[in-house]
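Shown next, in structure tokens, is the structure this report addresses.
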Amino acid sequence: MTGKTEQFDTIVIGAGFSGIYMLYKLREQGLKCRLFEAGEGPGGAWYWNRYPGARCDSESYFYCFSFSPEVLQEWTWSERFPAQPEIEQYLNFVTDRLDLRRDMTFNARVTSAVYDEAAKRWNVETNAGDKVSARYVVTAIGGLTSTATNLPNIPGIEDFKGQFLHTGHWPKEGVDLIGKRVGVIGTGSTGIQAVPVIAETAGDLTVFQRTPAYIMPAKNAPLSEEQTAAYKANYDAIWAKAKAHRGGQPYDPPAHDFDETGPEKARELYEESWEEGGLRVVQVFKDVYTNRASGEFVENFFREKVRSIVKDPEAAAILEPKGYPIGAKRIALDSRYYETFNLPHVHVVDVKANPITRISENGIVVGDKEYPLDIIVSATGFDAVTGPFRAMNIIGKGGVSLAQRLEDGPRAYLGMAFAHFPNLLAISGPCNPALSTNVPVSIEHDVEWIADAIAYCEAEGITAFEPEEAAEDDWVEGTQKMAEGSLFDQADSWQYGSNVPGKPRRFLLWLGGLTEFRKRCADVAQAGYKGFSQSR
Ligand code: NA7
């Protein structure tokens, strides 16, 4: 696509869950679209995060698209919690099933999108030399992406003579770990998944842990034909339930009240839940995040589990979750994480007590002690939510830079649109609930809302559609208010931006829950897109 600038109605950026569905919806609406994707194929986060052990923490039967009954019936998940290769295959399957590939350009990272005010068009360029123009741009770039990996702020990384890898940008050809001395920095959801699998082949594995996570067992298992048949027969009810749930999950809300239950029964319920596994383990009690006695009970239950699994008391003491209340940071799911520390070649180092001082040419130095390594795996997360937008040069009306507007923290109206950036819409943008929910359900909402907004503009002859600054300000302020005094306020986390040195401590996600979010977005649309300036 070189030479003359090709004209489109819409450019979609990214071919993960959101880009795939957005392209489908807009094409169904008769718009001429082109999707650009930096990877070699569809997948988005599930294309780049191919580190050993990469797996979803949501159950497969509802970590998928709900919009196509055909896709739901034709695709069969093999496991309760799907692994990265299977999700990547699923997204390829959907892409082909809906015949989307012909409108996708791979190996093309969008580097800039500049608004031409006179023409009311966006000029979009990629690193592959594409130069196109469109009336709308929809970002489907996710919030935890390869363009915004968070490297640890440790001196000497460039001196390391071995291999230094970030989990969010894992080489497609794989990494030979056999017999190698491997160090893993970071014990969030990613490190916790990677450690047991790396330990299977590494000669020696040292885990450098700063904050111990609260971790629940996934109890992953293959799905039987009966389970799959039951899901496929019940999808109408499953999605109705998921869409009425504040986290987009087809679960009943927790039934028990801690103070009314008493400690003995509470233990029994938690033991049962622990055996069942999955992210629901923590939610036996409805007041786990609001009643400190309930929270402390669960925290102690988790600590006891660690002590009962990890044989070396010193390692157990390091791994026990502590220092912040449960729920203040993302809870993780594991498969044999704690058991892995019983292997003779696996060690944990507390780098909160003794911080990493530097990386040398031979390995990681903690205090005066050097840990010699062949490979360092940085499982240190992402410059979440605003990072992916700041990695692109997006210029709106009057030469305003989106990167600059997001420097002081997240901002967007309804988590989907930006003042001064007409006809630029974002799926799961800043101040959006998606990353605190079962993401595909949130994504489907945003895609459908954006598709409707575009259909409205087309029908009404609206050529420039953008939030009013005041509406955006209110939404941003509301986002921060909901986080203030919440559990998240009691820890440092990527959700607060506090994992990236220099990033302002502002909450990145809208915490009001998906049901309330859907309602607010629907109200805005019904009121003729209140808060949006609309010019013809
Ligand atoms: P997270 O959740 O941001 O975890 C990153 C981990 O890396 C966490 O344990 C950090 O410790 C640790 N970290 C970060 N920088 C350093 C330095 N400099 N030294 C030592 N340790 C460090 O990222 P994930 O990839 O695990 O998960 C991100 C999301 O992806 C997750 O929430 C899911 O939604 C999927 P800290 O806790 O900051 O002390």
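In region 280-314, which residue that is surrounded by fewer than 20 Cβ atoms within 10 Å (Cβ to Cβ) and among the aliphatic types (A, V, I, L, M) is nearest to residue 252 (Cα to Cα)? Looking at residues that are surrounded by fewer than 20 Cβ atoms within 10 Å (Cβ to Cβ) and among the aliphatic types (A, V, I, L, M), I get 293.
Residue pairs whose Cβ atoms lie under 7 Å apart, separated by 6 or more positions or on different chains, with the first residue in region 419-440 and open to solvent by less than 10 Å² (accessible area, probe 1.4 Å) and the second part of a loop (DSSP other than H, G, I, E, B) and of a type in the set (Lys, Arg), are 430/411; 431/411. Of all residues in region 203-222, none satisfies being of a type in the set (Ser, Thr, Tyr) and either away from the ligand (no atom under 16 Å from the Cβ) or open to solvent by 50 Å² or more (accessible area, probe 1.4 Å) (or both). Take residue 238 and tell me if it is at pLDDT 90 or above, open to solvent by less than 80 Å² (accessible area, probe 1.4 Å) and within 16 Å of the ligand (Cβ to nearest atom). No.
Results for (1) under 26 Å from residue 282 (Cβ atoms); (2) in contact with a Lys or Arg (Cβ under 7 Å, 6 or more places away or on another chain); (3) within 15 Å of the ligand (Cβ to nearest atom), shown as yes or no for each residue.
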| position | (1), (2), (3) |
| --- | --- |
| 319 | yes, no, yes |
| 325 | yes, no, yes |
| 341 | yes, no, no |
| 344 | no, no, no |
| 347 | no, no, no |
| 359 | no, no, yes |
| 366 | no, no, yes |
| 370 | no, no, no |
| 382 | yes, no, yes |
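Evaluating residue 336 against the criteria (1) open to solvent by 20 Å² or more (accessible area, probe 1.4 Å); (2) under 24 Å from the mean Cα position of the chain (by Cα); (3) within 28 Å of residue 489 (Cα to Cα) leaves one unmet condition, (3). Does region 474-483 contain at least one residue that is crowded, with 22+ Cβ neighbours inside 10 Å, in contact with a His (Cβ under 8 Å, 6 or more places away or on another chain) and either small (Gly, Ala, Ser) or in contact (Cβ under 8 Å) with a residue 60 or more places away in the chain (or both)? No, there is no match, as no residue in region 474-483 is crowded, with 22+ Cβ neighbours inside 10 Å, in contact with a His (Cβ under 8 Å, 6 or more places away or on another chain) and either small (Gly, Ala, Ser) or in contact (Cβ under 8 Å) with a residue 60 or more places away in the chain (or both).
Scanning region 490-505 for residues that are more than 14 Å from residue 188 (Cβ to Cβ) and either near the ligand (Cβ under 8 Å from one of its atoms) or in a loop (DSSP other than H, G, I, E, B) (or both) turns up 497, 501, 502, 503, 504, 505. Within the set of pairs 6 or more residues apart or between chains, which connect a residue that is touching a residue at least 40 places away in the same chain (Cβ under 8 Å) and under 15 Å from residue 493 (Cβ atoms) inside region 204-219 to a residue that is open to solvent by less than 10 Å² (accessible area, probe 1.4 Å) and within 10 Å of the ligand (Cβ to nearest atom) with Cβ atoms less than 7 Å apart? Partner pairs satisfying both residue conditions: 213/192; 213/332.
Restricting attention to region 507-531, the residues that are under 23 Å from the mean Cα position of the chain (by Cα), more than 16 Å from the ligand (Cβ to nearest atom) and in a loop (DSSP other than H, G, I, E, B) total 2. Answer yes if at least one residue in region 447-463 is open to solvent by less than 30 Å² (accessible area, probe 1.4 Å) and among the charged types (D, E, K, R), and no otherwise. Scanning region 447-463 turns up no residue that is open to solvent by less than 30 Å² (accessible area, probe 1.4 Å) and among the charged types (D, E, K, R). The set of residues from region 183-197 being more than 9 Å from the ligand (Cβ to nearest atom), farther than 20 Å from residue 154 by Cβ and open to solvent by less than 10 Å² (accessible area, probe 1.4 Å) comprises just one member, 196.
The values are calculated or read from the model by the stated rules, or taken from the named source; none is laboratory data. Note that the structure is predicted; figures quoted are calculated from it, not measured. When we count neighbours, we look across all protein chains shown, and the Cβ atoms used for this are built from the backbone with ideal geometry, even at glycine. These accessible areas exclude ligands, DNA and RNA; they are computed on the full protein's heavy atoms, side chains included. Shrake-Rupley method; radii C 1.70, N 1.55, O 1.52, S 1.80 Å.
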